[in-house]
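Engineer: This is the structure I have questions about; it appears just below.
Since every read-out is calculated from the coordinates, none of them should be taken as a lab result. This one's a predicted model, so the numbers in the text were calculated from it and none came from an experiment. When we count neighbours, we look across all protein chains shown, and the Cβ atoms used for this are built from the backbone with ideal geometry, even at glycine.
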Amino acid sequence: MKRILPVIVISQFLCTSVWFAGNAVLSDLIKALHLSPGFLVQLTTAVQMGFICGTLLFAVLALADRFSPSYLFCTSALFAAGTNGLIGIPNLGPAGILSARFLTGFFLAGIYPVGMKIAADHFAEGLGKSLGWLVGALVFGTSLPHLLKTLTLDLDWKTVVFATSGLAIIGGLLIRFFVPDGPHRKKGGVWNVAGLGRSFSIPGFRGAASGYFGHMWELYAFWTFVPVILAHYVNSNPATSLNVSLWSFVVIAVGGVACILAGFCSQRLGPKQIATVALALSGCCCLLSPLMIGTSSLPLLLLFLVCWGMFVVADSPLFSTLVAQNAPATSRGTALTIVNCIGFTITILSIQLLNILSAHLQFNYLFLVLSPGPILGILALWRNR
């Protein structure tokens, strides 16, 4: 039993490395295919749309509750590895790349929420701490391609793509052979709208889900634009030498540490309390962003982004904990999946809104648009106690 959590965490880390693999090699794709910088938003949106469609289908078919989560995780990981590797095909073209990223996002739906389902089936007690490690692994996995890009500067950009695919294969096989279905798993039946409606009628579930939606309005938009913020500073200060890929990795990866710490703190103070504090601090970062992004001090900007990188995701495992704890046991996997589906739909809206407003707003003020997410999330979380 002691080895179960480490294996789940390592597998989640390895498999989610394919999530931002395309973003990490974006500069090379732009040069190779003569694309515009705006392709970043299209690339991210393709993955998110795939994830949304995948989670929706998984929820409709109740796959995580009807079938072995371990088998489902492994199968999804193998397909995600394959579709991620497609962007390394020569002369694939923009449409082919976007299609490949869509499919990668689709199969990630069988990795992230299903991984949480596996953890919930094994760890009824201390779920907040367990999901803290799990979401921390997701964050580290998401940031990993940026680190790989830094470490492979002298190699072809396809090295990053194929390396992340290889890691996903290893992660899927680890779950398949070393993590059986959990003792708290209760096999569910087919998905039905009424059953899901009953979940949202539970105040604790509704509050946790609403808080999560506010959190998601900010999270992926921030992650997507971290390299853009750093590049903006470099362009505004030409004499500055800054490794954008390395610092993008640091800003995103530090959130993994925050998730783990938040999971431990939730055992003493409760997940709702810690989630509220993290969401409030993240909202403060949104409000302070015009001042900090406009600073001429590089150390101050990096310190601010690192703090924001911690606060923006520290509440994620706690919201997942609250959703899992308040969902009916027989539909826990479906509940986690559909909440993920709605949350990632929201990420597309915020990313696209930032992209549209970037042509009309001064860059320093752009990220004020993210502040309503944390504010409304806090209100919803405590209104539905």
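Engineer: With springs connecting C-alpha atoms under 10 Å apart, model the chain as a Gaussian network and identify which of Gln352, Gln362, Gln42 has the largest mean-square fluctuation.
Structural biologist: Gln362
Engineer: How big is the Cα convex hull of segment 1-60 in projection, averaged over all directions, in nm²?
Structural biologist: Approximately 5.6 nm², given one-decimal rounding.
Engineer: Another question about this same structure. I want to verify a result. In a Gaussian network model of the chain, Cα cutoff 10 Å, which of these has the top mean-square fluctuation: Ile89, Ile30, Ile111?
Structural biologist: Ile89
Engineer: A follow-up question, please. For segment 23-84 and segment 261-309, compute the distance between their C-alpha centroids and round to whole Å.
Structural biologist: Spelled out, the Cα-based centre of one part sits 28 Å from the other.
Engineer: Which residue, Leu300, Thr16, Gln42, has the largest displacement toward the positive end of the dipole of the chain when charges sit on each Cβ (Lys, Arg +1; Asp, Glu -1)?
Structural biologist: Thr16
Engineer: Suppose every K and R has +1 on its Cβ and every D and E has -1 on its Cβ; what is the size of the dipole of the chain about the Cα centre, in Debye to the nearest 20?
Structural biologist: 960
Engineer: With n ≥ 4 as the cut-off for DSSP H runs, can you work out [θ] at 222 nm for the chain, using -39500 (n - 2.57) per run divided by the number of residues, rounded to the nearest 500? Walk me through the intermediate numbers first.
Structural biologist: Values: 18 runs with 297 residues, N = 385.
It comes out at -25500 deg cm²/dmol, rounded to the nearest 500.
Engineer: Oh, and also: Based on the Cβ-Cβ distance of Asn243 and Leu173, what FRET efficiency does E = 1/(1 + (r/R0)^6) give at R0 = 41 Å, to the nearest 0.05?
Structural biologist: E(calc), rounded to 0.05, equals 0.80.
Engineer: Between segment 335-359 and segment 1-20, how far is it from one alpha carbon centroid to the other, in angstrom?
Structural biologist: Comparing the Cα centres of segment 335-359 and segment 1-20, I get a distance of 25 Å.
Engineer: OK, next. Please list the helices of the chain that count as membrane-span-like by this rule: a mean Kyte-Doolittle hydropathy of at least 0.0 together with Cα atoms stretching 20 Å or more along the helix axis, each helix being a complete DSSP H run.
Structural biologist: Counting only whole DSSP H runs, the qualifying helices are 39-60, 69-85, 93-108, 127-151, 158-178, 203-236, 244-269, 271-293, 298-314, 332-357.
Engineer: If only Cα atoms are counted, what is the Rg of the chain, and what is its Dmax, in Å?
Structural biologist: 19.6, 62
Engineer: What nm value, rounded to one decimal, do you get for the distance between Ser296 and Asp181 when each label is placed 7 Å out toward the C-beta?
Structural biologist: 6.4
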